[in-house]
Every structure is written in structure tokens, then in C-alpha cells.
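Structure record follows, encoded as C-alpha cells.
The values are calculated or read from the model by the stated rules, or taken from the named source; none is laboratory data. Being a predicted model, the structure only gives us computed values, none of them experimental. Cβ atoms come from the backbone with ideal geometry, glycine included; neighbour counts cover every protein chain shown. Side chains are part of the model used for accessible areas, which takes the heavy atoms of the whole protein and leaves out ligands, DNA and RNA. Shrake-Rupley method; radii C 1.70, N 1.55, O 1.52, S 1.80 Å.
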Amino acid sequence: MKKIDVPFIALQLILVGIFFVPFNSWQGISFLGEYHRDSCFLFFALAFLIILFKRKINLPYKNLIFQLLLFFILWALFATLLNLFSVSEYYFKQTTGSSRFINQFGSLIIAALLIPITFYNGFKGININKLLFLIRKSILISLTIVSAYAVVEILIVKFDFIGLKKSVLNLFDYFPFTEAKTDMRLKRISSVTFEPPALGTYLISIAGWMFSYVITEKKNHKYIPGLIVLVLGFFSGSRTAFFAILIQFVLALIIIFKETPVKKNIYKIGLISFFASIVILLTYHRQIFEYVEDEVASFKLSDPTHALSNKSRFGIQQAMFEVFLENPISGTGYGLQAFESWKKYPNWAKNNNWEFRLKYLNQNDKKFPPGYNLYLRILSETGIIGMSIFILFILHIFVWCFNNLKSKKSLLSFIILVSMLGFSLNWLKMDSFRIYFFWICLALIFVTESQKKLNHE
């Protein structure tokens, strides 16, 4: 009987999962909790079971970044134990503190431990450059479908080609894990994701991978993947995401300008782009000024379009910071800040805001309010100690990238550095560890360091 190639099967499942990362506009599987929409999770979970079948799971336990990650998870548990009395008293949205902690800590274990370990075991033993190209190809094929949907959606939403919805867009209902829809009220696009911010998060996650085509390819089409990311980021309407993508683009340009051996061509492109920008600015200065003014105003509480979401976001963030000030050392316990912060939502955020009345403070709605900021969530739930561990963890990833930027692993370093900048900015607007490409980057670091040690030995 032929022996089953477990690593090969696991890798193929992971690559399929990477392809399906953005496809989450379906209703999902309810019992999976916060993972219920994530179609990619089904493939990653199956890959984990396949690896478990091998009965030998490798751990990068000697890697400092992995050790810091474990330390953070352990502190999240310990911080909750320090607040055990308060946890036993908590009750909000028909949920006890203990059940909320079990749910949230379980989610953390899946996202921050089981998923990166699955990736590490699936990637281990494969040449890192081959692995990068396999992952990038999977992302590019996925982005092609995301873009096709987005183009049709833009034509419908922005240019009123309403007839395309029934004749073209609804065909995507036959695609797995996708439900075709449009936002005619706000005129924002989400493509195959369930909302515009989700599309923004996906584009931030893949930006480094798509910009890397400029480094590895020679033909002019190498610019297209990165350009698609920029264009979709703009049309998504996700302000923070588009800003993050622009910052990632600038960082990618700086690295490419510095490292490329054909600087003359790059400088020519730079000069042409500069003078073209001047001409466009002089010709359309009024429209550009109005657009920038509208985008800056969109962050104000008085903005007619975004006032509601801004009040909710800033109000919840202020409440979480006040919770941290009252619990500076160990926080409230992991996943438990909402039990304290709901009492501190400011009146200016709650007044005339249906989101607080019908969602965040509605005891009949079991969904807990989002934190809208991972850093404030960590501060309020694990205190200054948990935040210090997390910052050290993130800093070590950045240090690894800088240390390897001029080595043979420069392509990997470029992708992870640009991605890490995006993740760090994106966590200013969301509070979830469920960012799959972050854990892919982490697993690639573990694999690279593991291979270095093997070669050295």
C-alpha cells in the first residue's frame, strides 16, 4: 500500500485555504463562533487534522519570537486568574465572564498557536523561495477573482450599471462561500468579502506579496498586481485601509529604490511620475483638494456620512482606555474588557446613535461590541505587562526583517516587513488576532530560522 504523503497534502490544503482567505461573504457555519464566515479556516483546520494524523507535530520552541508569543498567551491566562473574583461576577449580554473568557481564550489559542503551528508544519522542509512563489501564486489567482467581482461591483455602484447585477454579479452566487451583494446606499465595494473593511484588511495583508513582483519579475506586467491592490484599496471606501496601503507602498518604493541594481530606470520612472503628478495637481487641484478635505473631514464626529461610525469607534476606544487606567497592571482578564467598558461609554458617543441602542448596549443582542483597536484591547485586558510582551513580540519581528533585508532572504524580508507595517496600522482600527497572513508571515520566519540551523549544523 502506498504511503500517504502527509506534508504534501497539508501544504496543498494550506494553499487552497490561502486562496479562499477573502471569500467570506456567505452566512457561514454558526457553531464556529467568530470563525464562522472564514472559509479558509475550514481548509486550515483540515490541514491541522492531517498533520495531527502524522502523530508528530514540530514546534519552533527555540525561536525567540515563538517564545515571546507563548509568553503573551500565558500572561493572558495568568492576568485572567488574577481577576478571578471579578470574572465570576461578570454578566453582560446574557453571557457570564467565565464563558466569555473560555470562548475568547480558545479563539486566541486557535489563531495564535494552532494556525501558525499548522503553517509551520506544512511549510517545513520546503525550499523557502519555492514556498514564497507557491503562496504568492495562490494569492494572485485569488486576487484575480476578487478583482473581477470588484470591477463589476464598481460599475454598478459607482457608475449605475444596475443591469449588471442580475446578468453578471449574481453569477458569483455559484462560487463557493460567496453571496453576491452591492451597497447602493454608501456606494462602497466589498468584492467577495462580507464588508468594505474586510476587503481593506485583505488588501493590506497581500500588499507586500503583490508589490514583490516588481523585485522578481522583468516584464512590465510586474506592476499590475501592486496597482490592483492600490486601486481596490481606493474604491473600497475603507479610509484607514487605503491609508495603510499607501504607507506600505511608500515603504516598498524606498526598499526597491535602495536595493535595485537598475537604479537609472527607477530614477527615470520616479522623475516621470513626479512631473506627471505636478501636471495632474495643477490641472485638477480643486478636485484633489476637495477629495482630501472630504477624507480628513470623514474622521470628524460632525461628518454627515461617517459621524455615526466615528462616534461608535472613538467612544468605545475612550472607554477601553479608561478601563486600562483603572486596571493598569493586569487589566480585566483576556476577552473581558466589554464587561467594564460598557459602563464607561461617553454620552457624546451614545447620544442619537442607534448602534449603541440596538447593538452594543442591547441585552437581547448577544454579540459583544468590537474593540476597534487591538492595542487598547490588550492594554485593557492584559494591562501594561501584557502590552509590553506584545510590543516586544512585534518589535522582534521587525528586527528580524531589518537583519535579513540584505541577506539571501531579502525577498522574504521585504514581504514580511511591508506586511508587518500594514498589520501594525490595521490593528489601530480592529481588535482581532484572526489575521491569517500575519500568522503565515510568522510561520515563514520560523521555517527560515529552522532551515538556517539545519544548514549550520
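Data overview
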| read-out | value |
| --- | --- |
| Under the span-like rule (Cα at least 27 Å along the axis, Kyte-Doolittle mean at least 1.6), DSSP H helices of the chain | 128-157, 239-259 |
| Sites Lys222 and Lys258 - FRET efficiency at Förster radius 25 Å, r taken between beta-carbons, to 0.05 | 0.90 |
| Efficiency of FRET from Cβ geometry, Ile141 and Lys350, R₀ 60 Å, rounded to 0.05 | 0.85 |
| Protection-proxy order for peptides 312-325, 76-89, each taking the mean of Cβ atoms within 10 Å per residue, highest first | 312-325, 76-89 |
| Cα→Cβ-extended label distance, 7 Å offset, between Phe53 and Lys158, nm | 4.5 nm |
| Cα gyration tensor category, rounded, prolate or oblate, for the stretch 1-125 with a/c compared to 1.5 | oblate |
| Heavy-atom accessible surface of the stretch 146-191: percent carbon and sulfur, 1.4 Å | 66 percent |
| Rounded accessible area per residue of the chain, 1.4 Å, Å² | 50 Å² |
| Whole-number D in µm² s⁻¹ for the stretch 152-242, Kirkwood Cα-pair radius fed into Stokes-Einstein, 25 °C, 0.890 mPa s | 174 µm²/s |
| Trypsin sites (Lys or Arg not before Pro) restricted to the stretch 1-64 and DSSP loop, no more than 15 other C-beta within 10 Å | Lys2, Lys3, Lys54, Arg55, Lys56, Lys62 |
| In Å², nearest 10: area of Ile145 left accessible to a 1.4 Å probe | 40 Å² |
| Full-extension gain in nm, Phe321 to Leu82, via 0.36 nm per residue minus C-alpha separation | 84.1 nm |
| Sulfur and carbon atoms: percent of accessible area, the stretch 1-123 [1.4 Å] | 69 percent |
| Set Lys158/Lys181; Lys181/Lys359; Lys130/Lys218; Lys130/Lys453 screened for pairs whose C-alpha atoms are more than 21 Å apart | Lys181/Lys359 |
| Gained length - Tyr174 relative to Ser98, 0.36 nm times residue gap less alpha-carbon distance | 23.3 nm |
| Accessible heavy-atom area order of Arg185, Arg239, Arg434, highest first, probe of 1.4 Å | Arg185, Arg434, Arg239 |
| Pair Leu64, Leu32: separation of 7 Å Cα→Cβ label points (nm) | 3.7 nm |
| Gain in span if fully extended, Lys453 to Ile384, counting 0.36 nm per residue against the direct Cα distance | 21.4 nm |
| Estimated 222 nm signal from helices in the chain, with DSSP H stretches of n ≥ 4 weighted -39500 (n - 2.57), rounded to 500 | -21000 deg cm²/dmol |
